[in-house]
Amino acid sequence: MSVKKMEMKATRDAYGEVLAELGAENKDIVVLDADLAKSTKTVDFAKKFPDRFFDVGIAEANMIGMAAGLATAGKIPFASTFALFGTLRVGDQIRNSICYPNLNVKIAVTHSGLTLGEDGASHQAVEDVALMRAIPNMTVIVPADAVETKKVIRTAAETYGPMYIRMGRPKVPVLFDDSYQFQIGKGVQIKDGSDVTIIAMGVMAHIALEAAEDLAKEGISARVINMSTIKPIDQEIIIRAAQETRGIVTAEEANIYGGLGGAVAEVLAENYPAPLRRVGVMDTFGESGTPDALLQKYGLTKENIMEKAKTLL
Amino acid sequence: MTKVVDQQLLSELKVRANHIRQEIVKMVTEAQSGHPGGSLSAADILTVLYFHVMNVDPENPRMPDRDRFVLSKGHASPVLYATLAEKGYLPKEELATFRKINSRLQGHPSYKSLPGVDMSTGSLGQGLSAANGMALAAKLDKKPFRVYALLGDGEVQEGMIWEAAMAAGHYKLDNLTAFLDYNGLQIDGEVDQIMNPAPLDEKFRAFNWHVLVIDGHDLEQIIGAIEEAKATKGKPTMIIANTVKGKGVSFMENQCGWHGSAPNREQCEQALKELLGGME
C-alpha cells in the first residue's frame, strides 16, 4: 500500500469519469439523475451514452422506483443525486422497492455531509450513513479519494446488490495510487502505529493522516485505518486495532450516532471492549460556509482528532 | 373498444374470475387478516391479464421476456395470489398459508419470496415507478414484453404516482398499460370525500397518457381496452376501471368496512354460496 498526497480531486469528478469508462465496458449500466447531472458529474456518462441516461427531473422518488424496475430486468442502475435527496427524501422507496426485493441498484450520491458547504443545513446530509446502514441488504461505502472512488464504482458495477455510495463535493487530496486494491468490507491500514488507532471514512481520512503525522512529532505513534465500507464493516481490523493499541478514535463527516463511530462502537462492545472517542458531527445541523470553515467550526479537524487521541494514552 | 369477443373465451374467463373470488374469500378467512374488498374489485382485471393477455409461463416465472405485472396496490395481494394459483404458479392449498409464518405469501407481495411476483409492493405509490423502469428496460433492449400495473383510486393520492405518470408520458412508454381500480372507497371512507382525485381521466391525459374509462367488471370491455392500449403508439395507456369494492359478495359490495377485515366462517360460507350461485 502506498499512500501519496499531492494531487487534489473531488470524488464526484472521479465518479463522473469512471461511469463514462464503465458505460463502454458494460452495456447493462444505466444512469439516472434528478436534475443534478452537472453537479453529480453523471453528465459525462450522459454525453457518451444518451440512450442509457435518464434525467427524471426533480422527482427523486420516481427515480428510485424506476431504478428498481430497471434492475428487475437485468440493468445495473446508478441512481444519482445529492446525498440528502438520495436518502432521507426517498427512504421508503429505497427500503421497499430496492432493499426488500434485494435489487441490483446503486445509489451513488454526491454533496454529502457538511462539506457541501454554502447551501447550508437544508442540503447537508449528516444522517444518511446511519439511515442507509439500518436497511437490511444495503451495503454502505464512503470512498476517501478519487482513486478509491473509481475502484469502488467498478466493484459496485461487478457486485450484485443494493449499494449506497457516498461521495463529496470539494476537492480532496488523492491518497492512493492506482495499485490500490479496494475490497467491499475491508478496512485498509494507511499508516502503521502502535499507541492509538484512528479509524476514518471519506473526507476525514486525509485529515486523520495529518493528525497522525503531527502526533508522531510529539512522539505518539498513531495507526490510521481508512474504513470505506461502513456496512458490512471490517470487524477484524477493528478488533486487532483494539488489541494492539490503547484505544480508537473514529473520524467521520457524518453524525456520530449510527455512522462510523456508532458502527465501531458496536464492534468493540460486542468483541473487545476498548476505549473509543468519536470525532464527527455531534448530533447537530450544519450551516452555510465554506467546506473548510465548516470542518473547523464543527470540530472535524486534525487538532480535535489529536486531542481525542491523547486522552487515550 | 366494443369488439365482439369469442363467447367461449368470455365464459371461460368468467369461471376463472369466479374461482379467483372464491379463493380470495377463503384465504382471507383462513388468515383472519387481509384485504378482501379491493381484491374482489380487481379480480376481473387480473383474470383477463393472466388468462388472456400476458405472455407468462408458470413453469418459468422469471423468464426474461415475460410480460410483467405490478400490483401497485399491494394490499390486494389476495387477488394476485389467487390468480397465480389459478394459473399454476403455486398449489391452491398453499393459499391457506397466506399471512402466516414461513409462508411465501406475505401480507403484501414479495418479489424475493414468490417467483411470479414481479415487484415487491405494499407501500402505496411506488409500483408505477417500478413499472416505468421495466417498460424502459424493454425499450432499451428492444424487447417485446409489455408491462401492466394496477393502481388503487386511493393510492393516486400519493404524490409519487404523479412523478411516475409524468415520466411515463415523457418517455412515451407505449409498452406500459396501467389500470386504475376505481372502486371509490378507501380505509377511512369514500375516496371523493377523503381526498378527491377526480377528474382522473383529464389528469392522466394532461400527463400525455392515452386514457380509457371502462366498466372494470365487464370482461369484454377489459379485453377491448387492453387491445386498444396495445395498438396505441407513443403513449402509455391508463385504463380507468369503474369497479365495485367487494364485487361478487353481496354484503361486502360497496362497504368500506370490508377494505381490510376478514370474514368469519359463517360469512365465508355465505360468500362462497353467493359466488357459486353466480355461476349457475
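The values are calculated or read from the model by the stated rules, or taken from the named source; none is laboratory data. The structure displayed is predicted, hence computed values, not measured ones. Cβ atoms come from the backbone with ideal geometry, glycine included; neighbour counts cover every protein chain shown. Areas reflect the complete protein model, heavy atoms only, side chains present, ligands, DNA and RNA absent. Shrake-Rupley method; radii C 1.70, N 1.55, O 1.52, S 1.80 Å.
Restricting the stretch B:137-152 to residues that are within 15 Å of residue B:67 (Cβ to Cβ) and in a helix (DSSP H, G or I), the residue that is farthest from the other protein chains (Cβ to nearest Cβ) is B:139.
When the stretch A:139-154 is filtered for residues that are without any contact (Cβ under 8 Å) to a residue 40 or more places away in the chain and open to solvent by less than 20 Å² (accessible area, probe 1.4 Å), nothing remains.
For beta carbons closer than 7 Å, sequence separation of 6+ or different chains, a first residue in the stretch A:49-73 that is within 19 Å of residue B:169 (Cβ to Cβ) and a second that is acidic (Asp, Glu) and in a helix (DSSP H, G or I), the qualifying pairs are A:59/B:163; A:61/B:163; A:62/B:163. Could you please let me know if residue A:240 is surrounded by fewer than 22 Cβ atoms within 10 Å (Cβ to Cβ), assigned to a strand (DSSP E or B) and out of contact with any Cys (no Cβ under 7 Å at 6 or more places or on another chain)? Spelling it out, it is not the case that residue A:240 is surrounded by fewer than 22 Cβ atoms within 10 Å (Cβ to Cβ), assigned to a strand (DSSP E or B) and out of contact with any Cys (no Cβ under 7 Å at 6 or more places or on another chain). Counting only strands (runs of 3 or more DSSP E) that fall entirely inside the stretch A:134-182 and contain at least 2 residues that are within 14 Å of the chain's Cα centre (by Cα) and over 16 Å from residue A:17 (Cβ atoms), the qualifying elements are A:139-141, A:163-166. Only residues that are part of a loop (DSSP other than H, G, I, E, B), modelled with pLDDT of 95 or more and surrounded by 20 or more Cβ atoms within 10 Å (Cβ to Cβ) were counted across the stretch B:245-280, and they come to 7. Just one of the listed residues (A:266, A:303) is assigned to a helix (DSSP H, G or I), within 16 Å of residue A:204 (Cα to Cα), open to solvent by 20 Å² or more (accessible area, probe 1.4 Å) and at pLDDT 95 or above, and it is A:303. Taking the stretch A:89-138 as the range and being without any contact (Cβ under 8 Å) to a residue 40 or more places away in the chain and more than 17 Å from residue A:286 (Cβ to Cβ) as the test, the residues that pass are A:89, A:90, A:92, A:93, A:96, A:97, A:100, A:101, A:136, A:137. Scanning the stretch B:146-186 for residues that are more than 18 Å from the chain's Cα centre (by Cα) and in contact (Cβ under 8 Å) with a residue 60 or more places away in the chain yields B:168, B:169, B:172, B:173, B:174. The residues listed here are A:79, A:73, A:67; of these, the one that is in contact with a Gly (Cβ under 8 Å, 6 or more places away or on another chain), within 16 Å of residue A:165 (Cβ to Cβ) and at the interface with chain B (Cβ under 10 Å from one of its Cβ atoms) is A:67.
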